[in-house]
Amino acid sequence: MNLLKETAGAKSVAIAGHIRPDGDCISSTLAVRAYLLNARPDLKVTVFTQDNPPTIFSYLEGYGDMNLTYSPKEKYDVFISLDASSPDRLGEALWFFDEADKTICVDHHETNPGFADVNEIDPDACSTCEVLYDTFDKEHINDAVAECLFSGIVHDSGVFQYSNMSKHSFNIVGELIGYDFDGPKIIRETFYEKSYVQNQILGRALLESILFMDGRCIVSMVDRKMMDFYNVLPKHLDGIVNQLKNTRGVEVAIFMYEMGTQRFKVSMRSNGLVNVAKIAMLFGGGGHDRAAGVEMNGTYYDIINALSREIAKQM
Ligand code: 5GP
Ligand code: MN
């Protein structure tokens, strides 16, 4: 798929990623914005995102121009969905998707059914930013576009660490670092650096984690009281589940935080033996073989029981 050809006749383009945007989500939406505006400066391009996007990505071009209110409710010629595995993941941007003349979906989730008019979904790609790179004409990639793509790849690959990094992914990174931006600074300041309270809550989550299934699974939970005490938001809890997974002997790590009464956001990570996307899908979520998420109702223990039954079936 060639994104410029697919948007050739359009005068206006709306872009959105998934709710609770992560690095690949913010980066991919801003990459498409910068790319389209570079190739066609006359185009009207709007990036929609949920209120309070992570401020660590404020260095990306277009960060301050994002529409956080989903208004005015105008129809766009084309809607581009990025990094969202299903329409419900678009949140309030779904209205613009439904109303657009043409819809395009670029993603790398294996659970994505291809819900747009034109779909480019590559489950082997490490990130949506990797898929995007292949849809871009290289002459319209400038420093700002390259910086966005690099940031998305860094975040979805855990700094090139996860098995989703292929030779092709590394080749793309090699091309991108030829542009003018500070890659090591992006890695240090957006991936590794945490605020003091973020590190404190990470410490609490690790301290209170529980091993089960003979040490092959680990779970931890942060409730509302703890989040209020440390004054942190859900977006500040990114990375805790990965640290849990780094426990020797662990095949599956589960991290959850309380969204409301008897409602939890669950994140799962696997070392490869268990396909956690399959388990997330059973409960209405999705993701990748080794990284998936879902929102679930019940008590903390109900949810652990339900998930561990499914994990056991795969072990
Ligand atoms: P995380 O655990 O970091 O929130 O997400 C891990 C992966 O699962 C990401 O690729 C994310 O897009 C996907 N994911 C997380 N939560 C949900 C969810 O509630 N529904 C779906 N379909 N995918 C999710
Ligand atoms: Mn992604």
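The values are calculated or read from the model by the stated rules, or taken from the named source; none is laboratory data. In this text the structure is predicted, and so the values were computed from the model without any measurement. Please note: Cβ atoms are built from the backbone with ideal geometry, for glycine as well, and neighbour counts cover all protein chains shown. For accessibility, only protein heavy atoms count, side chains too; no ligands or nucleic acids. Shrake-Rupley method; radii C 1.70, N 1.55, O 1.52, S 1.80 Å.
Listed by first and then second residue, the pairs with beta-carbon distance under 8 Å, at least 6 apart or on different chains, first residue in segment 296-315 and in contact (Cβ under 8 Å) with a residue 60 or more places away in the chain, second open to solvent by 80 Å² or more (accessible area, probe 1.4 Å), are 315/216; 315/273.
Of all residues in segment 37-53, those that are closer than 14 Å to residue 136 by Cβ and either buried (at least 24 other Cβ atoms within 10 Å of the Cβ) or of a type in the set (Val, Ile, Thr) (or both) total 0.
Per the conditions (1) out of contact with any Leu (no Cβ under 6 Å at 6 or more places or on another chain); (2) buried (at least 19 other Cβ atoms within 10 Å of the Cβ), the sole criterion not satisfied by residue 65 is (2). You will find that of 226, 268, 281, the residue that is open to solvent by 20 Å² or more (accessible area, probe 1.4 Å) and in contact (Cβ under 8 Å) with a residue 24 or more places away in the chain is 281 and no other.
Quick test for you: out of 98, 107, pick the one residue that is more than 16 Å from ligand 1 (Cβ to nearest atom) and either surrounded by fewer than 22 Cβ atoms within 10 Å (Cβ to Cβ) or not small (Gly, Ala, Ser) (or both). Going through 98, 107 in turn, the sole match is 98. Residue 112 meets the conditions (1) more than 13 Å from ligand 1 (Cβ to nearest atom); (2) under 26 Å from residue 169 (Cα atoms); (3) in contact (Cβ under 8 Å) with a residue 24 or more places away in the chain in every case but one. The failed one is (1).
Looking across segment 284-308, not a single residue is hydroxyl-bearing (Ser, Thr, Tyr) and buried (at least 20 other Cβ atoms within 10 Å of the Cβ). Scanning segment 155-184 for residues that are open to solvent by less than 20 Å² (accessible area, probe 1.4 Å), in a loop (DSSP other than H, G, I, E, B) and in contact (Cβ under 8 Å) with a residue 40 or more places away in the chain yields one hit, 158.
Within segment 4-24, being in a helix (DSSP H, G or I) and either more than 13 Å from ligand 2 (Cβ to nearest atom) or out of contact with any Gly (no Cβ under 9 Å at 6 or more places or on another chain) (or both) holds for 4, 5, 6.
Within segment 84-92, does at least one residue satisfy the condition of being under 22 Å from residue 137 (Cα atoms) and surrounded by fewer than 19 Cβ atoms within 10 Å (Cβ to Cβ)? So far as segment 84-92 goes, no, none of its residues is under 22 Å from residue 137 (Cα atoms) and surrounded by fewer than 19 Cβ atoms within 10 Å (Cβ to Cβ).
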